[in-house]
Amino acid sequence: MSRFWSDVVKGLTPYVPGEQPKLANLVKLNTNENPYGPSPRALEAIRAATGESLKLYPDPNAEQLKAAIGKYHGIGAQNVFVGNGSDEVLAHIFLGLLKQSRPILFPDISYSFYPVYCGLYQVDFETIPLANDFSIRLGDYAKPNGGIIFPNPNAPTGCLVPLVEIERLLQSNPDSVVVIDEAYVDFGGESAISLTARYPNLLVVQTLSKSRSLAGLRVGFAVGHVDLIEALERVKNSFNSYPLDRLAIAGAVAAIEDREYFDKTCKAVIATREKLVGDLKALGFEVLPSAANFIFARHPQHDAQESALALRRRSIIVRHFKLPRIEQFLRITVGTDEQCDALVAALKEILGA
Ligand code: PMP
């Protein structure tokens, strides 16, 4: 710490992202990346965008990308905001829409970046405990609030809140913004984007990092009423007038347009997830119902942290959170069939099953 640091910086506990080890030949199942890689059409578009045109600034409004997202979701381009990964989109949301006089609400077990943004932007918050079965119970959010945010499916549990319950929440909260963080929705959830036309207080956030396998390109977006989008544009333009570079815009547009590759790879991840769930249950794991590209599982007889370390010694990395209520769980990203088979074989050995 230095005497030059501001009080805000002194009070920050920054988010620590999952490890990105440099070692080759790892079975990397720790940060919910997609094992199939980006659409070949997206890679081709990025290659084509690499050249002389890089001397020019990108489109500050990323209009081509907003139009592609709008077309895909059947909404207007004016209802779309884009940013450098959904993390940046979320940052703008905390400052532009969730910094209110009343505390905002989010689940006590959810994306650990939320309290970090609250610290950065001095947003008051209250956490609402998950139910005993680790689901988000929206009935518990019936109290005055400055906004509500949660991931759906939730992270790191993978549990899904049905759309009818979200609609009920919107109806009972007409005066506060409800943000649904749909980073994992394409692996079995139902997007709340269909509700945005009817609820001017709903903002839905998605990313190209997971279902479109472009975590390295850093593209995320939000969909909602133009008034909410305008708030985010104001924040963005006060921070960096170019949300995305030329390569990111080109790759993201092509990835959104390649529906066939998207459908094929999402289906493959879902099929592998279902097989992995069965295999882990056969080893005695309790597995929470997952609508995401990861599963959250605990073994009644084996310590999760020790299992994670034993897996690591076999070059397989999964995520373990040393947090109350979930320290006996492992979060395992759904990889290829081969990667998941290697994980199950290693666990068999570790558990002596
Ligand atoms: N929301 C949730 C719930 C996530 O798990 C993640 C990934 N860590 C993000 C948002 C951010 O994803 P990205 O910035 O890659 O779009």
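Every read-out reported here was derived from the displayed coordinates using simple, explicitly stated rules and does not represent laboratory data. This one's a predicted model, so the numbers in the text were calculated from it and none came from an experiment. Methodologically, a virtual Cβ is constructed for each residue, glycine included, from the backbone with ideal geometry; neighbour enumeration extends over all protein chains shown.
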Check your understanding: In nm, what is the difference between 0.36 nm times the number of residues separating residue 142 and residue 13 and their Cα-Cα distance?
Key -> 43.5 nm
Review point. Which ordering of 111, 36 is given by a fewest-first count of other beta-carbon atoms within 10 Å?
Key: 36, 111
Review point. Antiparallel as a % of all DSSP beta bridges within the chain, to the nearest 5?
Key: 55 percent
Practice item. Would you order 102, 312, 218 from fewest to most other beta-carbon atoms within 10 Å of each residue's own beta-carbon? Key: 102, 312, 218
**Study point:** Total lysine pairs whose alpha carbons fall under 19 Å of each other in segment 237-353 (8 or more apart, or interchain)
**Key:** 4
Study note, to complete from the structure: In deg cm²/dmol, rounded to the nearest 500, the helical mean residue ellipticity at 222 nm of the chain, built from -39500 (n - 2.57) for every DSSP H run of length 4 or more, is -11500 deg cm²/dmol
Check your understanding: What range in the chain is the longest one free of GluC sites (Glu not before Pro) that are in a loop by DSSP and have at most 14 other Cβ atoms within 10 angstrom?
Key -> 20-326
Check your understanding: If you wrap segment 77-233's Cα atoms in a convex hull and average its projection over all directions, what's the area in nm²?
Key -> 8.4 nm²
Review point. Arranged by the count of other C-beta atoms within 10 angstrom, fewest first, what order do 253, 178, 277 take?
Key: 277, 253, 178
Revision key, fill the gap. For segment 1-39, listing trypsin sites (Lys or Arg not before Pro) in a DSSP loop whose Cβ sees at most 10 other Cβ atoms within 10 Å gives 3, 22
Review point. For a label point 7 angstrom out from the Cα of residue 259 toward its Cβ, which stretches of segment 28-62 have the backbone nitrogen within less than 13 Å?
Key: none
Study note, to complete from the structure: Excluding residues fewer than 8 positions from residue 55 in its own chain, the aspartates and glutamates with Cα under 16 Å of it are 245
